[in-house]
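What follows draws every value from the coordinates through simple rules; no lab data is involved. Note that this is a predicted model, so its numbers are computed, not measured. When we count neighbours, we look across all protein chains shown, and the Cβ atoms used for this are built from the backbone with ideal geometry, even at glycine.
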Amino acid sequence: MTEPSAAAAGSPGEKATTDDGFIVFDQISKRFGKNVVLDDLSFSVGSGERVTLIGPSGSGKTTILRMLMTLTKPDSGTIRVGEDYLYHEERNGELVKAGEQHVRKVRGRITMVFQQYNLFPNMRVLRNVTEAPVHVLGRSQDEAEERAKELLDMVGLGDKLRAYPSQLSGGQQQRVAIARALAMDPDILLLDEVTSALDPELAAEVLDVLRDIAKSSDITMLCVTHAMKFARDVSHRVLMFDQGKIIEAAPPAEIFDDPKQERTRTFLESVLDET
Amino acid sequence: MSAGLWNYMFEGLLVTLQLTIFGAILGLVFAFAAGLARLSGNKLLRGMGFAYTEAFRGLSALVVLFWLIFVLPTVFGVQLAPLFAGVLALSLNIGAYGAEVVRGAVRAVPQGQIEAAIALNFTPWQRMRKVILPQAVVAMIPSFSNNLIELLKATALVSVVFLSDLTFGAQLVRASTGNTAGTFGLLLVAYGLIALVFTTLMRLLERRAAASLGRTVPPGMIARIFRRTEASA
């Protein structure tokens, strides 16, 4: 396997992580029609590492997350998570297309929080958080409820257990969605523009919760966001995307204060202007 | 009208209700089977769902009934009980319309819901049962309500093949009393009242379903008009 170029950037944060190649994208390409979204992309992420993906819209950041979540299939290349390939399995020393069972096994380590929250409107808050632990992980109802209550307390919604999602504000819904994701005990948490649909004040609630989680856990996080201060606070490494390629990868202090690429500089200026 | 004639009407009413209720239940089975088949990843299932829907939407329920009652016994030697033949013909027809309702409602569930279910690693079947269908069913109810009334009205077709439903009973009454306007007027009111009962029940069901999503259905038009007058007073 080729050494992923972006990984060489290293990742010192307040807690040093080494890139042990926990998640490896190898020569991934994806096009939608004529539009090339990802172009022969290779990079890797260490276990426990928190990586923020930045770049203009359409540069392929969200596609990266969606591929890891098996929501969008790559056209070519491989993705490995731990010992397993995500879209392939090894049979007699050969890589073949993975079956549903294999995909589910690998996918079980990953979960995602979405821009539009996507809570299940037919379930109350508590059940949104317990349903998958009970029916996917096989936990007992009591065990799942106890853990769900802990998590909902942590995100400040311990008093909304009986509410329906439609009765909550966007910021509250997103915090439930975070609790729902954590209830799966994921190794990898994907955050796809989780505050983009929220007013600044509600966004701040959500980001505070995520900061706490980042500080107190060793979950590997991949985060697509325009909240640059948050990215600077929590990530070990920032990847700058442009036209389906990573054009710069560096620790946040470096990329935000002293970007090497002109494209990164102009992008950051435009984003900071907005906020 | 004598008590005996009233009896014709009353027994006919029971047959009409049976045809409607059993037809609706069996029709629901056809609707879900065909509607979900059309959304399946399996080509054969999709094709079967499509063939059924297109065929029975285009066929007159009366012609299907003729086949079940007159052709099946003579050509294939299969004799169905008349009531069952009536239920089957009506439900095949209404099920084809219902299948489109099912298909539309399932497809209208936002893609984000399915993606969230994948992100929580639900199996495809769990996604359908726990996430998609509970939401889709809520969206189906108003259309099903229309289908049910259509079905009620279509039950009158069976009087043509001498099943003694409400319409058949009314014809007997009219023949023996000669009071055409009176009898058919009564018939008109009877169907209207049954329809009213069904729509009211469906409306209640709709409210309960909406509550299962934490929503409230706005009160009916009449209630709203009254509320407005109160507010402006």
Taking each residue of A:112-120 in turn, how many C-beta atoms of other protein chains fall within 10 Å of its C-beta, and what is the average?
5
Note, region A:93-103: 3J(HN,Hα) by Karplus (6.51, -1.76, 1.60, θ = phi - 60°), whole Hz, Gly/Pro = x, goes x, 10, 7, 10, 4, 6, x, 4, 5, 5, 4
Within 10 Å of each Cβ in peptide B:122-129, how many partner chain Cβ atoms are there on average? Round it to a whole number, please.
2
Quick one: which of A:71-78, A:237-244 comes out on top by average Cβ neighbours within 10 Å, and what's the full order, highest first?
A:237-244, A:71-78
Computed for chain A: size of charge dipole around the Cα centre, +1 on C-beta of each Lys and Arg, -1 on C-beta of each Asp and Glu, debye to nearest 20, value 800 debye
For region A:117-185, max minus min Cα coordinate along each principal axis, in Å, sorted largest first?
30, 22, 19
In Å, the Kirkwood hydrodynamic radius from C-alpha pairs for region B:4-118 sits at 15.9 Å
Looking at the protein assembly as shown only, what percent of DSSP beta bridges run antiparallel? Nearest 5 please.
60 percent
Percent relative contact order for region B:3-232, counting Cα pairs under 8 Å at least six residues apart, stands at 26 percent
So what are the three principal axis dimensions of chain B from its Cα atoms, in whole Å, longest to shortest?
69, 68, 23
Can you pull the mean other chain C-beta count within 10 Å for peptide A:129-138?
3
Whole-Hz Karplus couplings 3J(HN,Hα) for region B:42-50, θ = phi - 60° and coefficients 6.51, -1.76, 1.60, Gly and Pro as x, run 7, 4, 5, 4, 4, x, 5, x, 5
Of the cross-linked pairs A:30/A:73; A:73/A:97; A:97/B:43; A:160/B:130; A:30/A:245; A:105/A:215, which ones have a Cα-Cα span greater than 18 Å in the structure shown?
A:97/B:43; A:160/B:130; A:105/A:215
Lys/Arg Cβ at +1, Asp/Glu Cβ at -1, dipole of the protein assembly as shown taken about the Cα centre: which of A:23, A:176, B:73 is farthest positive-ward?
B:73
Calculated FRET efficiency for the pair residue A:260/residue B:196, C-beta based, R₀ 56 Å, to 0.05:
0.15
Once amide hydrogens are built 1.01 Å from N within the peptide plane, the residues lying 5 or more places from residue A:98 or on another chain with amide H under 5 Å from its amide H are A:88, A:89
State the three equivalent ellipsoid semi-axes of the protein assembly as shown, derived from the C-alpha gyration tensor as the square roots of 5 times its eigenvalues, in descending order and whole Å.
59, 27, 19
Please work out, to two decimal places, the log10 of the ratio I(q)/I(0) at q = 0.11, 0.13 Å⁻¹ from a Debye calculation in which every Cα of chain A carries one identical scatterer.
-0.63, -0.88
Considering only DSSP beta bridges where both residues belong to region A:175-275, give the percentage that are antiparallel (nearest 5).
50 percent
HN-Hα couplings for region A:70-86 via Karplus (6.51, -1.76, 1.60; θ = phi - 60°), in whole Hz with x for Gly/Pro, come out as 6, 9, 9, 8, x, 6, 8, x, 10, 10, 10, 10, x, 8, 10, 7, 7
For region A:135-275, which semi-axes, largest first and in whole Å, follow from the square roots of 5 times the eigenvalues of its Cα gyration tensor?
33, 17, 12
What's the ranking of B:55-67, A:171-183, B:27-39 by average number of surrounding C-beta atoms within 10 Å, highest first?
A:171-183, B:27-39, B:55-67
Give the peptides B:81-91, A:206-216 in descending order of average Cβ contacts within 10 Å, highest first.
B:81-91, A:206-216
